[in-house]
Ligand code: SF4
């Protein structure tokens, strides 16, 4: 098995599911790291890592999905629910800009009273407020898009058309966790089925918006369920308009205050899985490592195939479950240097088939 995998990677070829399983369960760390770096080098300079500073703005914690791995949501009518106004959202954007950030990802719960028009109005107002400023908005996730489309009574194509016509540029692949129907049935039966998720993402891409791929590990998922996620993702990325998912981000489940509970995966397991993702997902240009959930340990992922990371300033979803957001960003960048990489401050990724990251201009 090992020789066959090494030969495929060296020839720029593609490994199969069984080979990915073998790599994860049998290969030593040094082999995984070396092979992942070989695949990384197809797309990126071997000694560079790109980064930017971003905030996740959680505009509402009201949610009817009841995922058992979530410590963030409040069911409608419970105490502690909130829905941010446009002014409150903009105050968070102002704070990010003041901190030198350049990317906002909006992420909220499945609020049963909101319709597409609410999101279109909110995002249009925010975009108008910051027109001409060096900031990009990931306006919602595929999971939220699916829910609000259904609540509004729109099919995905029409819903995506309305968002795109209103100026939305990105609906990212968040809310994916593990894209496997057995996993979904165990932990978030009210959220979506995997085929439905990809139908929605296809509609988003077909409407001309950008999207991304994500994964979360460390619940109780089996290796087979993880591999189902990677296989379906690679197949989707090979499909019509191939290569349109710009990046893949893998982070780790935080169990604090969740109904599911459990323990976090080790850093070693995270790094090994990152390497398998880099080797298997040979049609996705950018592989991102998660400072949000691993802090400085995430930078060890640069030696396991990752080429990009963000410095987070806030994300209530993971913070409620135990993530620690630090503001000593310089030490994270120093950790990248210690790991042997030159950090390059980048612009937001361009929409469409992946290209290397563009460096950001120096601060004014
Ligand atoms: S993970 Fe998202 S969809 Fe699931 S309960 Fe939490 S906020 Fe709702």
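Read-outs: derived from the displayed coordinates by stated rules, not from any lab. The model shown is predicted, which means the values in this text are computed figures rather than measured ones. As a convention, Cβ positions derive from the backbone with ideal geometry for all residues, glycine included, and neighbour counts pool all protein chains shown.
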Would you work out the relative contact order for the chain, in percent, from Cα pairs under 8 angstrom that are 6 or more residues apart? 24 percent
Whole-angstrom gap from the stretch 196-231 to the stretch 270-343, using each part's C-alpha centre: 19 Å
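What order do you get for 151-158, 186-193 when each peptide is scored by the mean count of other beta carbon atoms within 10 Å, highest first?
186-193, 151-158
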State, to one decimal in nm, how far the label point of residue 83 lies from the label point of residue 115, with both points 7 Å from Cα in the Cβ direction. 1.2 nm
Expressed as an acute angle from 0 to 90° and rounded to the nearest 10, what is the orientation of the C-alpha long axis of helix 156-165 relative to the principal long axis of the chain? 80 degrees
Rounded to the nearest 10, the angle in degrees between the Cα long axis of helix 142-152 and the longest principal axis of the Cα atoms of the chain comes to 30 degrees
The simple spin-label model distance between residue 355 and residue 6, using points 7 Å out along Cα→Cβ, in nm, is 3.7 nm
Place the peptides 283-293, 69-79 in order of packing, highest mean first, counting for every residue the other Cβ atoms within 10 Å and averaging per peptide. 283-293, 69-79
Compute the distance in nm between two label points, each set 7 Å from the Cα along the Cα-to-Cβ direction, one at residue 222 and one at residue 235. 1.7 nm
Counting only DSSP beta bridges with both residues in the stretch 2-345, what percent are antiparallel, rounded to the nearest 5? 5 percent
Could you give the length gained on full extension between residue 199 and residue 47, defined as 0.36 nm per residue of separation minus the Cα-Cα distance, in nm? 51.0 nm
C-alpha long axis of helix 29-40 to longest principal axis of the chain, angle in °: 70 degrees
If the label point sits 7 Å along Cα→Cβ of residue 269, residues of the stretch 165-189 with amide N under 15 Å come out as 178
I'd like the distance separating the alpha-carbon centroids of the stretch 1-62 and the stretch 115-136, in whole Å. 35 Å
Kindly provide the helix-only [θ] at 222 nm of the chain, computed as the sum of -39,500 (n - 2.57) over DSSP H runs of four or more divided by all residues, to the nearest 500 deg cm²/dmol? -12000 deg cm²/dmol
